[in-house]
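For reference, the structure is listed below as structure tokens.
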Amino acid sequence: MQAEIIAVGTEILLGQVVDTNSAFIARELAEAGIEVYYHSLVGDNADRLTAVLEQARSRSDLVIISGGLGPTKDDLTKQTVAQLLGVKLVEDEVAMAKIQHHFAVTGRKLTPNNRLQALYPAGSQSLKNTTGMAVGAFYQSPNGADMMLLPGPPSELEPMFLKEALPRLKQAYQRQEYLVSRVLRFFGIGESQLVTELGDLIANQTNPTIAPYAKETEVTLRLTASAEDEAAGERLLADMIATIKDRVGDYLYGYGDDNTLAQVVVKELIARHLTITAAESLTAGEFQSTLGDVPGVSAIFPGGFVTYANEAKHALLGVPEKTIDEQGVVSEATAKEMAERSRQKLGTDFGLSFTGVAGPDALEGQPAGTVWVGLAQRGQAPQAQLIRLSGTRAKIRERTVMTGLDWIRRILRDEK
């Protein structure tokens, strides 16, 4: 089964909107055992869309199109597909009733173009839209490529694909094998080093396959195993993961597409009933904001300090002026003081501090990217580590936050 994904939208071509739909669909198709060979992008133009569709039908078994199902003049996907297939557009009565109800409740006038959202190519299975109005469609061709139409907004496409489209695809294309995937997430090791450490595994991969992906501040590996059933696939993955952990397990912090280092750390702190605070200078609250993105963090994070100016470090934390005057703000001593004093003030188990030079200019004779991360732990002497980073101001700050999170992760791991 060879699939192709087409994203429709002039706004995507112009860079005004990022196409996340194609990546989402591709991942879900891979999990279902359907291989994607091509991705295409075309604007809201009937002639160009027809040309792209004709090429896709000539080389693929399944063509999935996202976008262009709305009520505006440039939403031409279903009309173009219907014309290409030689069929009429028919009305989904349930969808039309939903549209009519919406306009009645809001007191707005229902115009003819809004009715277009309830239409789909005749001979298709309509796909219900639970978060919007435009229905999708799945057309199974008797003598050519099958076609699936999905809405453009991710908030509509993703639930429609998972709840409506994917079950129909699995039913239509009964597979003889199971594909089981697992994403491994690493911090503190670059893609080149990771690939070098696992070079022979990647070069000789057969089953499972290993695909590395470099992110902004981390690296991931996607392992995919093919087997006669899910349990057999899981066993293949477990064996490969064990081998990978033997080589680079020190950098492995978690699993899953939607996982983050912050989620891993917060979850572990909650499980152990340990609290944390922070005193931030160059990161200006970014560490605390990252913690705040994780649901349930209030159980372990009472608050913290943003002490950008030297005066704030003294007034809010009590860092001695002598320490800053003699050692400098970009120093081991200041980092330790910030971490320990923040921990003491809020009575937490851990205190982290971040002080350094985000750039672009130097500070105290130290170049941009010079950063001290301090860590204080209840019952222990405070520590600090020097890291040297490169890149933009934003990247230096982001990498600094990740370094602090990873330090906590490693301490929690080692204390098990």
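Within the chain, which is the longest segment containing none of the GluC sites (Glu not before Pro) that sit in a DSSP loop and have at most 10 other Cβ atoms within 10 Å? Numbers along the way, then the final one.
Working: sites that count: Glu216, Glu228, Glu415.
Here the longest segment lacking exposed loop sites spans 1-215.
With angles folded into 0 to 90 degrees, how steeply does helix 46-59 sit against the dominant principal axis of the chain? Use alpha carbons for both and round to 10.
Tilt of helix 46-59: around 90 degrees.
Report the normalised scattering of region 47-167 as log10 I(q)/I(0) at q = 0.11, 0.23 Å⁻¹, calculated by the Debye formula with identical scatterers on the alpha carbons.
-0.35, -1.43
Using only protein heavy atoms and a 1.4 Å probe, report how much of Phe103 is accessible, in Å² to the nearest 10.
Taking all protein chains as shown, Phe103 has close to 10 Å².
Using just the Cα positions, wrap region 1-112 in a convex hull and report its mean projected area in square nanometres, one decimal place.
On the way: hull surface 34.7 nm².
Orientation-averaged projected area of the Cα hull: 8.7 nm².
How many Å² of accessible area per residue for the chain, probe 1.4 Å?
47
For Leu41, what residues show an amide H to amide H distance below 5 Å, using hydrogens built from the backbone and excluding near sequence neighbours?
For Leu41, whose amide H was placed from the backbone, the distant partners under 5 Å are Ala7.
Could you please state, rounded to a whole Å, how far the C-alpha centre of region 244-259 is from the C-alpha centre of region 4-25?
Their Cα centres are 30 Å away from one another.
Starting from the residue with the highest accessible area, list Asp75, Asp19 in decreasing order, probe 1.4 Å.
Numbers: Asp75 25, Asp19 50 Å².
In descending accessible area the options line up as Asp19, Asp75.
Reported to two decimal places, what Rg/Rh ratio describes the chain when computed on Cα atoms with Rh from the Kirkwood expression?
On the way: Rg = 27.0 Å, Rh = 25.0 Å.
Radius of gyration over Kirkwood radius for the chain works out to 1.08.
Roughly how much of Arg247 is accessible, in Å² to the nearest 10, using a 1.4 Å probe?
That residue has around 100 Å² of solvent-accessible surface.
If I ignore ligands, DNA and RNA and count only protein heavy atoms, how much of Asp92 is accessible to a 1.4 Å probe, in Å² to the nearest 10?
Its heavy atoms expose roughly 20 Å² to the probe.
For the chain, take the longest principal axis of its alpha carbons; what is the angle in degrees between that and the long axis of helix 21-31, to the nearest 10 within 0 to 90?
The two axes meet at around 90 degrees.
Would you list which lysines come within 24 Å of Lys88, measuring only between C-alpha atoms, while excluding same-chain residues fewer than 8 positions from it?
Cross-link targets: Lys73, Lys78, Lys98, Lys128.
Taking the alpha-carbon distance from Lys345 and a cut-off under 14 Å, which aspartates and glutamates remain once sequence neighbours fewer than 8 residues away in the same chain are dropped?
Glu337
With no solvent and one equal point scatterer per Cα, compute the Debye intensity ratio I(q)/I(0) for region 201-320 at 0.17 Å⁻¹ and report its log10, rounded to two decimals.
Taking Cα atoms of region 201-320 as identical point scatterers yields -0.96.
Using only the Cα atoms of region 285-390, what are the Rg and Dmax in Å?
13.7, 41
Going by Cα centres, region 350-389 and region 147-208 are how many Å apart?
What the calculation gives is 38 Å, centre to centre.
How much of the accessible area of region 5-100, in percent, comes from carbon and sulfur atoms when a 1.4 Å probe is used?
Carbon-and-sulfur percentage of accessible area, whole number: 50.
Run the accessible area of region 293-378 with a 1.4 Å probe and give the carbon-and-sulfur part as a rounded percent. Spell out each step's value before the answer.
Values: 1850 of 3810 Å².
That share works out to 48 percent.
For the chain, calculate the relative contact order in percent as a whole number, restricting contacts to Cα pairs under 8 Å that are 6 or more residues apart. Don't skip to the answer; put the middle values down first.
Details: 780 pairs, mean separation 39.9, N = 416.
Computed over the chain, the figure is 10 percent.
The values are calculated or read from the model by the stated rules, or taken from the named source; none is laboratory data. Being a predicted model, the structure only gives us computed values, none of them experimental. Heads up, the Cβs are rebuilt from the backbone with ideal geometry, glycines too, and the neighbour counts pull from every protein chain shown. Surface accessibility is based on the protein's heavy atoms, side chains included, excluding ligands, DNA and RNA. Shrake-Rupley method; radii C 1.70, N 1.55, O 1.52, S 1.80 Å.
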